[in-house]
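Trainee: Following this message is one structure expressed as structure tokens.
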Amino acid sequence: MPLKLHIPEMPVEDLIDLLADPHRYIHAYTRLLKLGPEATEAARHGLSHADARVREHCCKLLDHLMDAESIPAVIEALADPSPSVRMQAAHALACDRCKPGDACRPAPEAVLPFAIAMLASDPSAHVRARAAELVGRWAHTHPAARDAVIHAATRDLSPAVRKKASWYAPGGPIYRRASISSSHRTQASVP
């Protein structure tokens, strides 16, 4: 049976600091997640923490607790020095599954320039692959996003990035699936 660590009641800011502790971060993260919107401001402040593990976990928290005030801070995290933070920031901005239906989403104009630059030139292939997901969200509606995923799908140095970008490029399985679901939504909304 795994050892259960007890974390006493403590201020949210202290829980944020515990995200750096390899033995207690899961318990601190779980407690912060349960606090919901009460933890959002502290998670935003955690994006500037000195420890990259804290910044990464704060991106994960904001993925679930995204609000309008958090979007600019998460976009800023796309330029974090740590690849793991950049990956989690891209995921937080791209993922709909982790958020409730009424959660805030970034406007493409606010995030696409940064995401396209990340897809084109981030030194980490893992980060570029995650950026393909973020850019791919708008491949149907923004020509710059479509062109960026096509470019990455055909020219990125990493086979993994080329493969992931090809899923979001025209003809790719995620691109096709998004086309089908948007046409169903359009048909369903027509009287």
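The values are calculated or read from the model by the stated rules, or taken from the named source; none is laboratory data. Values in this document were obtained by computation on a predicted structure and should not be read as measured data. We place every Cβ from the backbone using ideal geometry, glycine too, and count neighbours over all the protein chains shown.
Trainee: Please return the ranges of helices (runs of 4 or more DSSP H) entirely within the range 94-191 where 2 or more residues are at pLDDT below 95 and over 24 Å from I71 (Cα atoms).
Mentor: In the range 94-191, the matching helices (runs of 4 or more DSSP H) lie at 173-189.
Trainee: Inside the range 137-160, can you point out the residues that are under 15 Å from A115 (Cα atoms) and either in the same structural domain as A90 (by TED's automatic domain parsing) or touching a residue at least 40 places away in the same chain (Cβ under 8 Å) (or both)?
Mentor: Across the range 137-160, the qualifying residue is only R137.
Trainee: Residue check, L32 against (1) among the hydrophobic types (A, V, I, L, M, F, W, C); (2) in contact with a helix residue (DSSP H, G or I) (Cβ under 8 Å, 6 or more places away or on another chain); (3) modelled with pLDDT under 95, all met but one. Which one?
Mentor: L32 satisfies all of (1) among the hydrophobic types (A, V, I, L, M, F, W, C); (2) in contact with a helix residue (DSSP H, G or I) (Cβ under 8 Å, 6 or more places away or on another chain); (3) modelled with pLDDT under 95 except (3).
Trainee: Right, another one. From the residues in the range 145-165 that are in contact with a Pro (Cβ under 9 Å, 6 or more places away or on another chain) and under 21 Å from A92 (Cα atoms), which one is surrounded by the most Cβ atoms within 10 Å (Cβ to Cβ)? Show your work before the answer.
Mentor: Looking only at the range 145-165, we keep the residues that are in contact with a Pro (Cβ under 9 Å, 6 or more places away or on another chain), and these are 145-146, 149-150.
Those left that are additionally under 21 Å from A92 (Cα atoms): 145-146, 149.
Values: A145: 22, R146: 19, V149: 28.
Only one residue fits best here, namely V149.
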